[in-house]
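Okay, so here's the structure we're looking at.
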Amino acid sequence: MMKKKLISAFTCLLVTFAGKAQQQEKLSGPEDIDRILSLLTLEEKASLVVGPGYKSMLAGITGSQVPVPGAAGMTRAVPRLGIPAIVLSDGPAGVRIEPRRKGVSQTFYCTGFPIGSLLSASWNVDLVQRVGAAIGNEALEYGVDVMLAPGMNLMRNPLCGRNFEYFSEDPLLSGRVAAAYVKGVQSQGVGTSVKHFAANNQETNRFWNDSRVSEDVLRRLYLRNFEIAVKEAQPWTVMASYNRLNGVHTQQDRWLLTDVLRGEWGFEGLVMTDWTPRRDTGAQIEAGCDLMEPGAGSQIREIVRKVRRGELAEQALDVCVRRVLELAVKTPAFKGYRPSGAPDLEAHARIAREAAEEGMVLLKNRESALPLREGAVLALFGVGSYHLIPGGTGSGHVHRPYVVNPDEGLEKEGFTLDESLAAIYRKYLKKNMPRKTITSGMLGSPAAPEMPLSRATVESAAENADVAILTLSRQAGEGGDRKLKDDFLLTVPETRMLVDVSEVFHARGKRVIVLLNVGGAVETASWKHLPVAILLAWQPGQEGGNALARVLSGKVNPSGVLPLSFPSDYMDLPSSAHFPYDYAGASSMGGGRDKDRDVPNFGYTEYAEGMDVGYRYYQKAGAPAPSYPFGHGLSYTSFEEERGAETNGTVQVTVRNTGKVAGKHVVLVMDPDLRGFGKTRLLQPGEEEMLVIRLDF
Ligand code: BGC
């Protein structure tokens, strides 16, 4: 008996001891990173800097077991040392994960927020920070550790296919809005990845294109916004871009990733690649690129081989591994956070609506045509009036629970629609909506083609309705640039619709209003005289229809201001001479590879326009006038600004509402470039507010 007791006490001791030893082996926090580094094998180190491929992104299709199906990527875990896998998800207009999982009744829809251009058009950094916090919270509650967002490349040219994800043609606005987004997400204990670093200003030939930019212009424009975001918000990570910069792939560019980003700006986080394994992994590590995504097994083998042969210093690898571990210990995954799977989607939808309302820009409002008269009967034209484009395609697409279309929003707001016209459009849309494919299911669908309108349909609508509202929609996304024809320029059916509706409604003394449901600039100069009012609704996210209805009804006074110029003529832009625009071409899909052979196409883009980008060009003597300038945006009320003296890098501006309704006002300090900006709270008629505006250093 005694002998038995002794044996069991001994076994107990052994188990406890083994457990303790095992526990001590595990990564316990930031102070433990040195020890863990010394315990990792070379293979484990290599595996930590190389993601596991498309496993999580494609899990919805392949059914592979991952923590978050549909997340863009992950890192590899080392369970024996307690190093967790980190889950990375796109952005930026919300968390992009699979909304449904096989055999699970619970859903994982994420709020579809407005696109980046709309957020910056609000010029309200506090609001953007709240949007960021809501996105960060959804990420946290769905098990995501790092948001691959925000996208913040400068809008060099309006045809860039991803401009909708980006913020502005001005680096100060872009940098500050990005910083606010980052602060918001990171306030939830979830990381961000500001992207795409750097000079990724087109999608054509995106994997290989060489952006040729002088260092001066780079620093003043294309790096400047990243510098501001890094210094103001310390994003946990930065994503290098696909393109080359002055001959070097950015993810292999030591000057960019180590000397400038870390050395000069003090970036403390991790750099990851954009989603391609086709590069020199050793060179990336030496340049200061820490994480290869989505990652391929061959990259692990390449690293191990190079270290063994002495072609890559193990210390360089250790630097990257350390940064992966430093990131890991900050994540919810490491901290053992149990995602609820149930973020407050209703509260976030309210934030999405508020943001959409605040970023819409009233471009034109003659005869005070807006707000609409209460109870007006509306004839809604354009497929976008019944099927809103809430955001772009590609990695910027979000699986939202619903989208409120303009017709639904306007009806909810108490307006009566011309139902016979609505019935024609709805029937057309049923037949002509682009079919869902696996790709469009994952990355978003193109817009439906515009419906050709008969004159008789327009005539009968003009009989029934008081006002015509005509929506023009655009869709764009990753992997291709926009075309000049049928995209920047209106299509033939759109032009015909605009002309016919204007003629018929004007003949009866009735008004025409245009809604622009677009991700960026479109040509307006040739037709903007036709409608009395134009509201730039952007791609306003899932609550778009509600938001625009509240702006049209006057419940919300528009306070958005353009963060980019609307050119009169595309060819006016100096960058148009050096942008690979495709007038009507078949496809400008990125990749830069011959369709059949994996051969890189070493194209390049000369940034020969230098600083002549956006308003910096238009404000030069002798430059043509844009159709709508940077900083333009009307209100239903009027304001007066009184500027005080500059002190300690700030300027005081007193704003007074001199009109008849409450409103918010954006102040821009231009000298001649943007040096600072601020936005008032909602000011009642006669009320004033003093803004203290921080000026750029
Ligand atoms: C895009 C990135 C995105 C990544 C992961 C890439 O193609 O350029 O913005 O984060 O895919 O989806």
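Okay, here's what the table says:
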item: Relative contact order for the chain, counting Cα pairs under 8 Å that sit 6 or more residues apart, in percent; result: 16
item: Within the chain, helix-based [θ] at 222 nm, where runs of 4 or more DSSP H residues each add -39,500 (n - 2.57), nearest 500; result: -9000 deg cm²/dmol
item: Ranked list, fewest to most other Cβ atoms within 10 Å of each Cβ, for Thr276, Thr331; result: Thr276, Thr331
item: Degrees between helix 171-186 axis and first principal axis of the chain (Cα, 0 to 90, nearest 10); result: 50
item: Of the trypsin sites (Lys or Arg not before Pro) in region 396-467, those whose Cβ has at most 12 other Cβ within 10 Å and which sit in DSSP loop; result: Arg435, Lys436
item: Separation between Cα centres of region 118-149 and region 276-305, rounded to whole Å; result: 30
item: Order of Phe381, Phe207 - criterion: other Cβ atoms within 10 Å of each residue's Cβ, fewest first; result: Phe207, Phe381
item: Exposed GluC sites (Glu not before Pro) absent - longest run of the chain, DSSP non-H/G/I/E/B, at most 15 other C-beta within 10 Å; result: 375-686
item: Helix 455-464 axis, angle to the chain major axis (alpha carbon atoms, nearest 10°); result: 80
item: Charge dipole (debye, nearest 20) of the chain; +1 at Cβ of Lys and Arg, -1 at Cβ of Asp and Glu; result: 2340
item: Of all DSSP beta bridges in region 41-334, antiparallel share, percent nearest 5; result: 30
item: Leading residue at positive end of dipole, the chain (Cβ point charges), from Ala355, Leu345, Leu472; result: Leu345
item: Rounded if a/c under 1.5, otherwise prolate or oblate - the chain, Cα gyration tensor axes; result: prolate
item: Share of alpha-carbon pairs per 10 Å distance bin for region 639-694, given as whole %; result: 26, 52, 20, 2
item: Long-range amide H partners of Thr650 with built H, under 5 Å; result: Leu695
item: Percent of beta bridges antiparallel (DSSP, the chain, rounded to nearest 5); result: 45
item: DSSP beta bridge pairing in region 349-553, given as percent antiparallel to the nearest 5; result: 20
item: Degrees separating the helix 345-359 axis from the principal Cα axis of the chain, which is the longest one; result: 50
item: By average C-beta atoms within 10 angstrom, highest first, the peptides 80-88, 662-670, 116-124; result: 116-124, 80-88, 662-670
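Coordinate-derived values only; no laboratory data. Owing to the predicted nature of the structure, the values given are computational and were not obtained by experimental measurement. Here Cβ is always computed from backbone atoms with ideal geometry, including for glycine, and neighbour counts include all displayed protein chains.
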